[in-house]
Amino acid sequence: MERLGMALFGVALAACSGDKNGESQNQDDSQTKVTDDSDTKTGGDGCVSPGASTCGNAGSIIRGYVAKDPSSTVSGWSGNLWVFLTHYWPSKGELGGLVKASKLYENVDLEDGEPFPFEIDMCDGAFGAMWSEDNCGYNLELLLDKNGNATPENRLPDDLEPAHKVENVLISCEDDSQCTGTLLLDCKRGAPCFQFENKDIPDCECAASTCNSDYYNCN
């Protein structure tokens, strides 16, 4: 988290994940909200109700389900499930972005294909509330850490570790908690599952209205 301070001098989610066939995909610079496909996802009807928000606004919480990719050739679908929110800023792309918040679920087994529920609270991280109106979007990164070596500081997937990334998720103080539906861990290419090119990310521009965030990093 201390790396955040290094980016504060810099400027600084169409869904996007690593391609299972090893082909990179172009990044979409448009800002989006996570699509709620809870009626069609395999996890059942709706996401699990959100827990308490650290900043007292349920809009800070992203919820969903994560599941095994049934078409994947990867073997071994148990380990620690990490959920990360990183800033969608043109900084630290080689690390998958600067971490805002993280959540660890230990000893998760996805082998049977059943979706596993997760949630992450944007406010439960460095600098408190950093709403998208004042700080732009986030990357939602999910990793099944099979060898137990991942941390918020060392979060890039190892080769053949199942992962998924949703880019440029907007988290607004004016919205309710978002439900992603079921996200398949469909990337197995290691570090490129989370990495991005800084030059492909636009500078962070302030929205027309503010959420009076605890910290601002827009221009």
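The values are calculated or read from the model by the stated rules, or taken from the named source; none is laboratory data. This structure is a prediction, so every number in the text was calculated from the model and none was measured. Positions of Cβ are generated from backbone atoms using ideal geometry, with glycine treated the same way; all protein chains shown enter the neighbour counts.
So which residues in the range 203-216 are surrounded by 15 or more Cβ atoms within 10 Å (Cβ to Cβ) and either modelled with pLDDT under 95 or at positive phi (or both), if there are any at all?
Once the filter is applied, which keeps residues that are surrounded by 15 or more Cβ atoms within 10 Å (Cβ to Cβ) and either modelled with pLDDT under 95 or at positive phi (or both), the range 203-216 yields nothing.
Which members of the range 84-118 meet the condition of being surrounded by fewer than 20 Cβ atoms within 10 Å (Cβ to Cβ) and within 15 Å of Ile171 (Cβ to Cβ)?
Lys103
So which of Gly181, Gly190 ends up being within 30 Å of Gly79 (Cα to Cα), crowded, with 16+ Cβ neighbours inside 10 Å and in contact with a Pro (Cβ under 6 Å, 6 or more places away or on another chain)?
The match here is Gly190.
Scan the range 55-90 residue by residue and report those that are within 18 Å of the chain's Cα centre (by Cα), in a loop (DSSP other than H, G, I, E, B) and closer than 19 Å to Ser132 by Cα.
Of everything in the range 55-90, those that are within 18 Å of the chain's Cα centre (by Cα), in a loop (DSSP other than H, G, I, E, B) and closer than 19 Å to Ser132 by Cα turn out to be Tyr88, Trp89, Pro90.
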